[in-house]
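The values are calculated or read from the model by the stated rules, or taken from the named source; none is laboratory data. Owing to the predicted nature of the structure, the values given are computational and were not obtained by experimental measurement. Ideal geometry is used to build each Cβ from the backbone, glycine not excepted, and the neighbour counts take in all protein chains shown.
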Amino acid sequence: MPHQIEELPALPVPRLEECPFGPPPEMAAFRERPGLTRVRCPTGITAWLVTRYQDVREVLGDSERFSSRPGQAAHVLAHMNPDLPIGEGEFTRMDGPEYQRFRRHFGPEIGMPKRLEELRPTVQRVVDERLDLMAAAGGTADFYADFAIPVTTTVIGGLLGVPYSDRKLFHDSAAAMFGSATSAGGLKAGTQPLFEYVHGLIRERRENPGEDAISRMIQRSAGAAEPFTDTELMRMSAGLLTSGWDTTATVMTHGLLALLSHPGELDRLRADPSLVPAAVEELARYFGGAPGLTREVVRDTDIGGHPVAKGDFVVLAVQAADRDPSAFEDPDRLDVGRPTDGHLGFGYGPHQCIGQQTARLELTVTLRTLLRRVPSLRLAVPLSDIRFKTGTPVYGPAALPVAWDAILPAEEGR
Amino acid sequence: MKVTIDADRCVASGMCAYSAPEVFDQSEEDGVVVLVQDSPSADQHEAVRTAARNCPAQVITLDQ
């Protein structure tokens with residue numbers, strides 16, 4: 001059936017100034033409408049918009065029918081061109097066994113909760129040091145720039161053995177990768193310095209391995225069924241560095257804003273800190289997946305009874321799906337004690353968020369420590385004065401001014 | 001409760017070992033699920049159900 005592109009509705013994208021915690025309000029109407037709606041995306045592609053929980057879970061869970069080939073965010077990132085061939089080691093666009101080969105190689109480095117437990121004391125130290133610096137600097141700070149970004153940057157850099165002083169390389173690559181308007185040329189320019197730097201690390205660590213994830217991935221590659229090329233190892237390492245800090249820092253900041261704006265929920269956590277892991281899952285459900293995900297239909301099929309054709313694009317509105325009342329009771333309410341099993345905040349299916357276990361660890365340690373050491377933490381400006389990032393689908397506050405009466409010492413507060 | 005796994009499809013997300021560490025482990029080599037207990041005790045059932053529901057690759061099957 002031909003579609004007049006100009007007549008299609010635009011894909012609704014989050015407007016946090018208007019709706020600071022939620023998907024754009026019109027998502028609910030799309031979810032309630034039978035079938036699927038074809039929409040025009042900011043990058044110019046047209047796609048079926050999928051908003052219901054069961055449908056989103058089904059599509060993300062079935063890579064045989066719904067491929068990642070276009071790029072995970074081809075609907076919102078201009079540089080993700082579905083027509084481009086998949087580059088060497090560009091695993092985020094692969095499916096099936098080809099993708100699994102990569103996933104199982106970096107999985108043990110950042111996807112094993114028992115190994116990440118060994119990282120917990122390091123994360124605790126980084127969090128405590130940042131709070132000490134905030135305490136020394138005065139009674140106010142920008143939680144995003146002064147805490148969240150340094151903490152997540154230090155942790156991902158530490159995992160891969162990249163010193164904090166070299167962070168500009170992966171901060172710049174992330175700015176290019178997650179800039180909505182970045183062109184193909186801009187992406188290359190923004191990522192090339194990091195790619196060259198990581199290539200250098202791989203050459204060095206092949207000769208002199210350290211205790212870091214890059215060294216271990218090099219060593220394990222030799223024993224793999226199909227060993228990895230240097231470019232493939234570089235892509236995995238650079239991908240973790242590029243994607244492993246601002247995503248977590250943003251949800252940490254947005255999550256803190258939500259909790260400070262819902263004092264009743266914060267009081268529940270103060271009264272019972274054992275709720276913190278559940279609160280982290282609730283924050284993931286509440287905010288996760290706000291940009292949505294792209295898939296391409298592999299063969300003629302249907303989604304929830306609505307036919308879709310081979311080659312069609314599909315946009316999964318993950319945050320809207322996690323606000324589907326058929327999946328979660330009173331879904332727009334932030335409830336740190338609610339059951340969250342099956343939430344899609346880290347995505348679902350083979351491409352589910354690679355860094356989710358690291359993110360859980362960082363968010364859990366941060367929340368516990370804030371409750372303990374900064375009980376007087378509060379917003380320094382009204383919610384209506386908070387400004388949000390623009391030009392990126394990593395949606396969240398551009399800054400989070402916070403204030404406190406005292407920051408308790410790490411030892412004393414413990 | 002009887003637990004079976006289809007490790008061929010596992011993507012090493014770590015969700016099972018996070019939800020029910022007494023029942024699921026992961027290989028050090030590739031992060032793939034290792035079933036520690038195929039008949040978990042009753043106090044583990046809720047955690048195992050969470051693990052099965054949250055497995056992104058639908059690798060875990062529960063009988064009961």
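So, A:Thr152, is that one crowded, with 21+ Cβ neighbours inside 10 Å and assigned to a loop (DSSP other than H, G, I, E, B) or not?
Details: crowded, with 21+ Cβ neighbours inside 10 Å: yes; assigned to a loop (DSSP other than H, G, I, E, B): no.
Here the answer is no, as A:Thr152 does not meet what is asked.
Which of the residues spanning the range A:133-149 are under 21 Å from A:Asp385 (Cα atoms), over 17 Å from the mean Cα position of the chain (by Cα) and part of a helix (DSSP H, G or I)?
Passing the criteria: A:Phe143, A:Ala145, A:Asp146, A:Phe147.
For A:Thr43, only one of the following conditions fails: (1) assigned to a loop (DSSP other than H, G, I, E, B); (2) surrounded by fewer than 17 Cβ atoms within 10 Å (Cβ to Cβ). What is its number?
That leaves (2) as the condition not met.
Checking B:Glu22 against (1) in a loop (DSSP other than H, G, I, E, B); (2) surrounded by 21 or more Cβ atoms within 10 Å (Cβ to Cβ); (3) modelled with pLDDT of 95 or more, which single condition isn't satisfied?
Result: B:Glu22 fails condition (2) only.
Could you list, in sequence order, all residues of the range A:23-37 that are surrounded by fewer than 20 Cβ atoms within 10 Å (Cβ to Cβ) and either touching a Phe, Trp or Tyr at 6+ places or on another chain (Cβ under 8 Å) or on the phi < 0 side of the Ramachandran plot (or both)?
Those that are surrounded by fewer than 20 Cβ atoms within 10 Å (Cβ to Cβ) and either touching a Phe, Trp or Tyr at 6+ places or on another chain (Cβ under 8 Å) or on the phi < 0 side of the Ramachandran plot (or both): A:Pro24, A:Pro25, A:Glu26, A:Ala28, A:Ala29, A:Glu32, A:Arg33, A:Pro34, A:Thr37.
Inside the range A:175-207, can you point out the residues that are assigned to a helix (DSSP H, G or I) and β-branched (Val, Ile, Thr)?
A:Thr191, A:Val198, A:Ile202, listed by residue number.
Just one of B:Asp43, B:Asp38 is away from chain A (no Cβ under 11 Å) and part of a loop (DSSP other than H, G, I, E, B); which is it?
Testing whether each residue is away from chain A (no Cβ under 11 Å) and part of a loop (DSSP other than H, G, I, E, B) leaves just B:Asp38.
Need the failing condition index for A:Leu60 against (1) assigned to a helix (DSSP H, G or I); (2) away from chain B (no Cβ under 13 Å), just the number.
(2)
Check whether at least one residue in the range A:361-369 is in contact (Cβ under 8 Å) with a residue 60 or more places away in the chain and surrounded by fewer than 15 Cβ atoms within 10 Å (Cβ to Cβ), and report yes or no.
no
Filter the range B:47-64 down to the residues that are facing chain A (nearest Cβ under 10 Å) and either part of a helix (DSSP H, G or I) or more than 27 Å from A:Asp95 (Cβ to Cβ) (or both) and list them by number. Don't jump to the end; show me each part of the working.
Keep residues of the range B:47-64 that are facing chain A (nearest Cβ under 10 Å), which gives B:49-58.
The answer is B:Arg49, B:Thr50, B:Ala51, B:Ala52, B:Arg53, B:Asn54.
I'd like the residue in the range A:58-69 that is under 23 Å from the mean Cα position of the chain (by Cα), surrounded by fewer than 22 Cβ atoms within 10 Å (Cβ to Cβ) and not polar (S, T, N, Q) and, out of all such residues, is nearest to A:Ser183 (Cα to Cα).
A:Arg69
For the range B:16-25, name all the residues that are facing chain A (nearest Cβ under 8 Å) and under 27 Å from A:Gly96 (Cβ atoms).
B:Ala17, B:Tyr18, B:Asp25
Based on what the data block shows, is A:Arg338 part of a helix (DSSP H, G or I), touching a residue at least 60 places away in the same chain (Cβ under 8 Å) and charged (D, E, K, R)?
Answer is no for this residue.
Among what's in the range A:317-345 and is small (Gly, Ala, Ser) and away from chain B (no Cβ under 14 Å), pick the residue that is surrounded by the fewest Cβ atoms within 10 Å (Cβ to Cβ).
A:Ser326
Taking the criterion of being assigned to a loop (DSSP other than H, G, I, E, B) and either under 19 Å from the mean Cα position of the chain (by Cα) or more than 26 Å from B:Phe24 (Cβ to Cβ) (or both), would at least one residue in the range A:98-105 satisfy it?
Going residue by residue through the range A:98-105, those that are assigned to a loop (DSSP other than H, G, I, E, B) are none.
Checked the range A:98-105: no residue is assigned to a loop (DSSP other than H, G, I, E, B) and either under 19 Å from the mean Cα position of the chain (by Cα) or more than 26 Å from B:Phe24 (Cβ to Cβ) (or both).
Report whether or not B:Glu28 is surrounded by fewer than 23 Cβ atoms within 10 Å (Cβ to Cβ), facing chain A (nearest Cβ under 7 Å) and in a loop (DSSP other than H, G, I, E, B).
For B:Glu28, the condition - surrounded by fewer than 23 Cβ atoms within 10 Å (Cβ to Cβ), facing chain A (nearest Cβ under 7 Å) and in a loop (DSSP other than H, G, I, E, B) - is met.
Can you name every residue in the range A:118-127 that is in a helix (DSSP H, G or I) and either in contact with a helix residue (DSSP H, G or I) (Cβ under 7 Å, 6 or more places away or on another chain) or touching a residue at least 40 places away in the same chain (Cβ under 8 Å) (or both)?
Going through the range A:118-127, the residues in a helix (DSSP H, G or I) turn out to be A:120-127.
Matches in the range A:118-127: A:Arg120, A:Thr122, A:Val123, A:Gln124, A:Val126, A:Val127.
Could you go through the range A:70-93 and let me know if any residue there is touching a Pro at 6+ places or on another chain (Cβ under 8 Å), within 14 Å of chain B (Cβ to nearest Cβ) and under 30 Å from A:Phe228 (Cβ atoms).
No, the range A:70-93 contains no residue that is touching a Pro at 6+ places or on another chain (Cβ under 8 Å), within 14 Å of chain B (Cβ to nearest Cβ) and under 30 Å from A:Phe228 (Cβ atoms).
What number of residues in the range B:2-15 are more than 12 Å from chain A (Cβ to nearest Cβ) and in contact with a Lys or Arg (Cβ under 9 Å, 6 or more places away or on another chain)?
0
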